[in-house]
Amino acid sequence: MGQKKLIKFAAIKDYENVLEYPQGMPGKWAAYFKELEKNTVNINLDTLALTGSGQNQNEEIVKPLVLELACGRGEYAVGLGRMFADQNFVGLDLKGNRIWKGASIANRDGLKHVAFVRTQIDQVTQYFAKDEVSEIWITFPDPQLRLSKAKKRLTHPKFLRLYQQFLKPNGIVHLKTDSPNLYLFTKTVIELFGLTLITTTDNLYSTEFLQSDKWDDRCSIKTYYEGLNIASSNRIHYIQFKLDKELPFELDDKLKDIIAEFEVTETHESLARNGKQAME
Ligand SMILES: C[S@@+](CC[C@H](N)C(=O)[O-])C[C@H]1O[C@@H](n2cnc3c(N)ncnc32)[C@H](O)[C@@H]1O
């Protein structure tokens, strides 16, 4: 491993705003952010108080908790943190050297309501209690183009079922991607499972969408991978939806059949060759 990576890994071990594979965090995020705000050193996760959902009369109102999944350098956690002082933000990723970037900026700029978890997304349910998260942002995740890897896509029902375990009933999921394939796949999932689609566009920065009442200023935050244009689509696709229905396992096979009909199996180049495009 490179020297720079080692330095970053060592640095985040001392950061109060980075938790690596933390134990016992469900229900404790509000208390944790209060300690961050107080500049507490060596926050003891074991002694943090459990917080209710804030919805019962006698409970303290808690700030909404927003989760950025596969956050990389955490541009959304940090960017949203700058926009909304009245919410808490957690970026989650496996790679410590990437998290280091966002966590260092949050530390430098005194964003005490922005933190990071280093872990596997597959284990995300270990970190949040039921109804603890208000919104989820997924920005430029690996599109997992091969059909055989469809289950690894972060908007596959397999993952959506995990998110449902901690997302509030009316909670919202945002997906930003440059992959027409992932966009179309996600729209198919939403339609098949009858989820509520709030906003969808295959050209986020088109004048038409920018000027429409659907434009959301939060979408103006740009991430590192957004700048790379890996899918060569030259278009940013965006979907906002709710996880407001049950996701029956029986439909997973149907999903498999549907996507086998229209999806590319190799790359975006073959998508272009076949003249297929994500439908609006
Ligand atoms: C293509 S990058 C996008 C990063 C960032 N959202 C952006 O737009 O710049 C995908 C990120 O997902 C993370 N990732 C992939 N699989 C993961 C997993 N199973 N658990 C946690 N993070 C994962 C990678 O470490 C990587 O940082």
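The table below lists the values:
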| item | result |
| --- | --- |
| Calculated FRET efficiency for the pair LYS130/THR207, C-beta based, R₀ 45 Å, to 0.05 | 0.60 |
| Using θ = phi - 60° and Karplus 6.51 cos²θ - 1.76 cosθ + 1.60, couplings along the stretch 34-39 (whole Hz; Gly, Pro as x) | 5, 5, 4, 4, 7, 6 |
| Residue order, fewest to most beta carbons within 10 Å, for CYS219, CYS71 | CYS219, CYS71 |
| Net length gained if the chain between ASN42 and ILE7 were fully extended (0.36 nm per residue, minus Cα distance) | 10.6 nm |
| Net charge of Cβ neighbours under 13 Å - reference ASN234; Lys, Arg +1; Asp, Glu -1 | -2 |
| Euclidean distance between Cα centres, the stretch 191-208 to the stretch 130-158, Å | 16 Å |
| Gap separating the Cα centres of the stretch 59-83 and the stretch 1-49, nearest whole Å | 15 Å |
| Residue of GLU20, GLU60, GLU68 that the Gaussian network model of the chain assigns the largest fluctuation, springs spanning Cα pairs under 10 Å | GLU60 |
| Using θ = phi - 60° and Karplus 6.51 cos²θ - 1.76 cosθ + 1.60, couplings along the stretch 197-202 (whole Hz; Gly, Pro as x) | 8, 9, 9, 8, 8, 9 |
| Simple spin-label estimate for ARG108 and ASP257 in nanometres, 7 Å along Cα-Cβ | 5.4 nm |
| Spin-label model distance (nm) - GLN123 vs LEU50, 7 Å beyond Cα toward Cβ | 2.2 nm |
| 17 Å Cα-Cα reach of LYS28 towards lysines, excluding residues that sit fewer than 8 places from it in its own chain | LYS38, LYS63, LYS112, LYS130, LYS168 |
| Computed [θ] at 222 nm, deg cm²/dmol, the chain (DSSP H ≥ 4; -39,500 (n - 2.57); rounded to nearest 500) | -9500 deg cm²/dmol |
| Set of lysines with alpha-carbon distance to LYS254 below 20 Å, sequence-local pairs under 8 removed | LYS149, LYS151, LYS152, LYS158, LYS187, LYS245 |
| Placed amide H near GLY91: partners under 5 Å, 5+ positions off or other chain | GLU68, ALA115, PHE116, VAL117 |
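None of the figures in this text is laboratory data; all of them are computed from the coordinates on show. Worth saying up front: this structure is predicted, and the values here are computed from it rather than measured. Heads up, the Cβs are rebuilt from the backbone with ideal geometry, glycines too, and the neighbour counts pull from every protein chain shown.
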